[in-house]
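Student: Shown below is the structure under consideration.
The values are calculated or read from the model by the stated rules, or taken from the named source; none is laboratory data. The structure presented is a predicted model; accordingly, all values stated were derived computationally and were not measured. We place every Cβ from the backbone using ideal geometry, glycine too, and count neighbours over all the protein chains shown. Heavy atoms of the whole protein, side chains included, go into the accessibility calculation; ligands, DNA and RNA do not. Shrake-Rupley method; radii C 1.70, N 1.55, O 1.52, S 1.80 Å.
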Amino acid sequence: MSNDLIQTNTAKLTAAFATALVVADTQIHDDLAYNSIKEWDSTAHMLLIAELENVFDLMLDTDDIIDMSSVAKAKAILGKYGVSF
């Protein structure tokens, strides 16, 4: 896997989180977790899922949507769909 692709996917993930949560991209890091900031509530979570599915052109299954509890977990879940970080 090329570093360029990994950097591109990381940038896309950061942008998706920042867009869905309406926060600065500087707030997006692996430790950021669901409900750890007021912006990441249940409504924003569904917007985030839609944004990730759109950006990475995939469809997440229900278990993965429920399990996506942090940025690090999102990377692990997206890895199951062939997205490398």
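Student: Taking the structure as given and computing Cα extents along the principal axes in Å, which label from (i) 35, 28, 20; (ii) 63, 34, 23; (iii) 40, 28, 21 fits?
Tutor: It is the value labelled (i).
Student: Could you state the accessible area per residue of the chain in Å², with a 1.4 Å probe and every protein chain left in place? Present the calculation step by step, with values, prior to reporting the outcome.
Tutor: Working: 4850 Å² over 85 residues.
Spelled out: the 1.4 Å probe surface of the chain, per residue, equals 57 Å².
Student: Hey, any idea what % of segment 1-74's accessible area is carbon plus sulfur with a 1.4 Å probe?
Tutor: After summing per-atom areas, the C and S share lands at 52 percent.
Student: As a test of the formula, what do you get for the chain when each DSSP H run with n ≥ 4 contributes -39,500 (n - 2.57) and the sum is divided by the residue count, at 222 nm and rounded to the nearest 500 deg cm²/dmol? Before the final figure, lay out the partial values.
Tutor: Numbers: 4 runs with 49 residues, N = 85.
It comes out at -18000 deg cm²/dmol, rounded to the nearest 500.
Student: On a straight-distance basis, which lysines could pair with Lys12 in a cross-link, Cα separation under 19 angstrom, same-chain partners fewer than 8 positions away excluded?
Tutor: Cα-Cα hits under 19 Å: Lys73, Lys75, Lys80.
Student: Probe radius 1.4 Å, ligands and nucleic acids left out: which of Met68, Met59 has the largest accessible area, and how do the rest follow?
Tutor: Accessible-area ranking of Met68, Met59, largest first: Met59, Met68.
Student: What distance in nm lies between label points placed 7 Å from Cα along the C-beta direction at Ala50 and Thr19?
Tutor: 1.2 nm
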